[in-house]
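A short write-up of the structure that comes next.
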Amino acid sequence: FCAFFKKAGEEGGYTYSLEEARKRLMDRIDEPIREIHITGGLNPDLPYQYYLDLLALCKEVRPNAVVKAFTAVEVAHFADTLGTDEATVLREMRAVGLDALPGGGAEVFSPAMRERLCPEKVTADRWLHIHGLAHDMGMKTNSTMLFGHIESWEDRIYHMERLRALEDEKPGFIVFIPLAYQSRNNALGVPGPTGEEYLRTISVARLFLDNIPHIKAYWAFAGIKAAQMALWAGADDFDGTIVEEKIGHAAGADTPKGLTVSELVETIAATGFTPVERDTFFEEVASA
């Protein structure tokens, strides 16, 4: 994820104006899009009102779409910038269109690993606190774990244990997404998980996270073939019809940047499963 970071003015960096965001939404207005997923860097030059206006814009253009936006890291940044608490930020954002939170920023919860990997990010406790606040407000959220770098199996189990404990206390996780580490364009210098390691992680997650209903095989990070095999190892979601994935590809992912509906259907069917389209909350939309 470090490869996605850009300083102001650095080549490859970008910031959408609200007008540009509207254009991107309108460019696909005839497509049956049911979810708008928004994450970004912590831009010190953007006012908080920009984010509220962006949420309102999404609801204006796509009133029936679920807006899943802003990781716990971003929510913490907004709160710190404003000098307020995270609950206030979530309430204000929910009032203008926020429906759910993505799961980014969790990385791996082990304090020792977090100190080595991402000491400037929010702590595991704060990430979990923000997701718990969202659950208390009736918002559902995703959960993730970035694995296959320098963490141990003990670190992975600790991470899942923290997620499971929060779900017991404050239910609201939609899905768990194990994210395979992408090794290029960052300083860590490790190769990422093997295919076997990825499948074992999927299987352990399905057995251990008894209270999180869904496990996602995210082909954009794992690769299409590994994600196909993950469906036999415990995953029940092959995600998804992504238009243009950027974060994993900034770190060197070799997967396509997107799949069409027909490509996704063919890939799932070839694995031996029946493709079913679902919405953000895993309600069936239609047989594909």
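Throughout, read-outs are computed from the coordinates displayed, never taken from laboratory work. Just so it is clear, the model here is predicted, and its values are computed rather than measured. FYI the Cβ positions are ideal-geometry reconstructions off the backbone, even for glycines, and counts take in every protein chain you see.
Overview of values
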{"quantity": "The range 18-53-the range 146-178 distance, computed between alpha-carbon centres (Å)", "calculated": "29 Å"}
{"quantity": "Principal axis dimensions, the chain - Cα atoms, whole angstrom, descending", "calculated": "46, 45, 42"}
{"quantity": "Chymotrypsin sites (Phe, Trp or Tyr not before Pro) lying in DSSP loop within the range 1-97, provided at most 15 other Cβ fall within 10 Å", "calculated": "F5, Y14, Y16"}
{"quantity": "Potential extension, V190-I150 segment - 0.36 nm per residue separation minus Cα distance", "calculated": "13.6 nm"}
{"quantity": "Lysines with Cα under 18 Å of K59, excluding same-chain neighbours fewer than 8 positions away", "calculated": "K23, K68, K140"}
{"quantity": "Rounded to 5, the percent of DSSP beta bridges in the range 2-287 classed as antiparallel", "calculated": "15 percent"}
{"quantity": "Distance in nm between pseudo-label sites at R28 and R91 (7 Å out along the Cβ direction from Cα)", "calculated": "3.4 nm"}
{"quantity": "Backbone N within the range 10-30 under 19 Å of label point (7 Å from T260 Cα along the Cβ vector)", "calculated": "28-30"}
{"quantity": "Order of E196, E120, E161 - criterion: other Cβ atoms within 10 Å of each residue's Cβ, fewest first", "calculated": "E120, E196, E161"}
{"quantity": "Karplus 3J(HN,Hα) series, Hz, for the range 149-157 with 6.51 cos²θ - 1.76 cosθ + 1.60 (x for Gly, Pro)", "calculated": "10, 10, 7, 9, 5, 4, 5, 5, 5"}
{"quantity": "Point-charge dipole on Cβ atoms (K/R +1, D/E -1) for the range 1-72, about Cα centre, debye to 20", "calculated": "220 debye"}
{"quantity": "About the Cα centre, charge dipole magnitude for the chain (Lys/Arg +1, Asp/Glu -1 at Cβ), debye", "calculated": "220 debye"}
{"quantity": "Two-site FRET efficiency, L207 against N64, from Cβ-Cβ distance with R₀ of 45 Å, rounded to 0.05", "calculated": "0.80"}
{"quantity": "Electrostatic dipole magnitude of the range 38-135 [Cβ: Lys, Arg +1; Asp, Glu -1; Cα centre; debye, to 20]", "calculated": "280 debye"}
{"quantity": "Under 5 Å, built H, 5+ apart or other chain: amide partners of I36", "calculated": "V66, V67, K68"}
{"quantity": "Gain in span if fully extended, A56 to E11, counting 0.36 nm per residue against the direct Cα distance", "calculated": "13.2 nm"}
{"quantity": "Candidate lysines for bridging to K225, where Cα separation is under 21 Å - those fewer than 8 sequence places away on the same chain excluded", "calculated": "K216, K246, K257"}
